[in-house]
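Where a number appears in this text, it was derived from the coordinates with a stated rule and is not lab data. Quick caveat: nothing in here was measured; it's all calculated off a predicted structure. We place every Cβ from the backbone using ideal geometry, glycine too, and count neighbours over all the protein chains shown.
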Amino acid sequence: MSSLRQTDLEIYSAIEAERKRQQSTINLIASENYASHAVLEVLGSFLTDKYAEGYPQHRHYGGCENVDVIETLAIERAKKLFKAEHANVQPHAGAQANMAVYLAMLQPGDTIMGMRLIHGGHMTHGDTISFSGKNYKVVQYGVDKETERIDYKEVERLALENKPKLIIVGASSYTRIIDFERFRQIADMVGAKLMVDMAHIAGLIAVGLHPTPVPYAEIVTSTTHKTLRGPRGAFILCRQEYAQMIDRAVFPQMQGGPLVHAIAARAVAFQEALQPSFYDYQKNILDNAQVLAGELSRLGLRLVSGGTDNHIVMVDLTPIGISGKKAQEALERVGIVVNRNSIPFDTRSNWVTSGIRLGTPAMTTRGFTTTEMKLCANLIFKVLTHIGDTAVEDQARDEVQQWCHKFPIPGIDD
Ligand code: DSN
């Protein structure tokens, strides 16, 4: 960064401030992680200078022989990791991956069915604030009010009633195992195609700690930066028969030139995920989530669906009388970063919310074990039940600083 310091002090200073913020806070944002030093190195490389519209061996530009090697490696590694027939590694982000699938599989006005945002789904699965809710006729399913788990009977009923062309599965704040086989059966009942957005749980799926959607869905989309711990970005897996449609939808229909440095960083992340140690990392994520959920619950907080099967813990703050916004702000004051999140059937706006979402991937990367996670749960509970108590907040801030010092960030501090 020494040259940046000379040429652009403002951006340099903001980046350095962000380095300090990351180093001095406990990150429990479920969709964030810390990419390896190798991934960061590739992202910052001169590969960013290369134009490469097209695909390996079919480019619209000269000088693509090295880029072809890189993209082919990324494709082959993604296929190997998820046992998929075809991979497209060019989408810039998860929303773009999903957009490309809709472009490939649907006409404007077709009916799609996805999980309601407030019940844990993603906005690109048909929410009215997203293109997906504007361009298509949308039917939304959700969780059962009692169990707060996906109501598969309701999914079936809605599918039979509305005959969607595409059923979209996947979530951003759902804590339970998703039954992809059941969704396949429902899709087959109505002749729908099945798309699974596995962004949150891709790392768990890669090592077999969550059932894989690949044999059941025609198309699977994912980001690379959540449990998968790669750079920001996305990819699409599909059966061979859809390969050409998907590739054409990504380029030239939806995107122009791919981000070669990002594709290379994805390839590095896939290779990291293929190592045996990645299983241990994912297992630690789950163990930490179990302890976080168990301890918060033991202390008296209400968890959506009563617990978790994955890396996410959803806390309903209604019983302790504070909003998600207030909880997020209080935790941030002591150095614990989380995001406020709507809970199923939430009566508060999505700006205020009744819940917070916690996740363990990032702190597990930093080396947190169940011991630290248990202490962290106790600290969270104390802060949330003493909002505005400066003595409690001061003490909590000190503890957070001690942990941050003890658990440096790989990628930044190595
Ligand atoms: N997927 C969202 C999240 O989980 O944070 C962002 O769109």
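A few remarks follow.
- Residues satisfying the stated conditions in the range 373-396, i.e. within 16 Å of Ala330 (Cα to Cα) and buried (at least 17 other Cβ atoms within 10 Å of the Cβ): Cys376, Ala377, Leu379, Ile380, Phe381, Lys382, Val383, Leu384, Ile387, Val392, Glu393, Ala396
- Checking Gly306 against (1) surrounded by fewer than 17 Cβ atoms within 10 Å (Cβ to Cβ); (2) on the phi < 0 side of the Ramachandran plot; (3) in contact with a helix residue (DSSP H, G or I) (Cβ under 9 Å, 6 or more places away or on another chain), the condition it does not meet: (2)
- Among the residues listed as Thr147, Thr124, Thr128, the single one being buried (at least 20 other Cβ atoms within 10 Å of the Cβ) and touching a helix residue (DSSP H, G or I) at 6+ places or on another chain (Cβ under 9 Å): Thr124
- Ala38 vs. criteria touching a residue at least 24 places away in the same chain (Cβ under 8 Å), under 30 Å from Asn341 (Cβ atoms) and either away from the ligand (no atom under 16 Å from the Cβ) or among the hydrophobic types (A, V, I, L, M, F, W, C) (or both): no
- Qualifying residue in the range 10-26 (condition: in a loop (DSSP other than H, G, I, E, B) and under 22 Å from Val250 (Cβ atoms)): no
- The listed residues are Val214, Val207, and the only one of them that is surrounded by fewer than 23 Cβ atoms within 10 Å (Cβ to Cβ), in contact with a Phe, Trp or Tyr (Cβ under 6 Å, 6 or more places away or on another chain), among the β-branched types (Val, Ile, Thr) and closer than 29 Å to Glu161 by Cα turns out to be Val214.
- Among the residues of the range 13-29, none qualifies, meaning not one is buried (at least 17 other Cβ atoms within 10 Å of the Cβ), in contact (Cβ under 8 Å) with a residue 24 or more places away in the chain and of a type in the set (Gly, Ala, Ser).
- The residue that is surrounded by the most Cβ atoms within 10 Å (Cβ to Cβ), counting only those in the range 155-172 that are of a type in the set (Lys, Arg) and part of a loop (DSSP other than H, G, I, E, B), is Lys165.
- Meets criteria (crowded, with 23+ Cβ neighbours inside 10 Å and at negative phi) for Ser277: no
- Under the condition of being surrounded by 24 or more Cβ atoms within 10 Å (Cβ to Cβ), away from the ligand (no atom under 15 Å from the Cβ) and farther than 10 Å from Ala84 by Cβ, the residues counted in the range 232-247 number 1.
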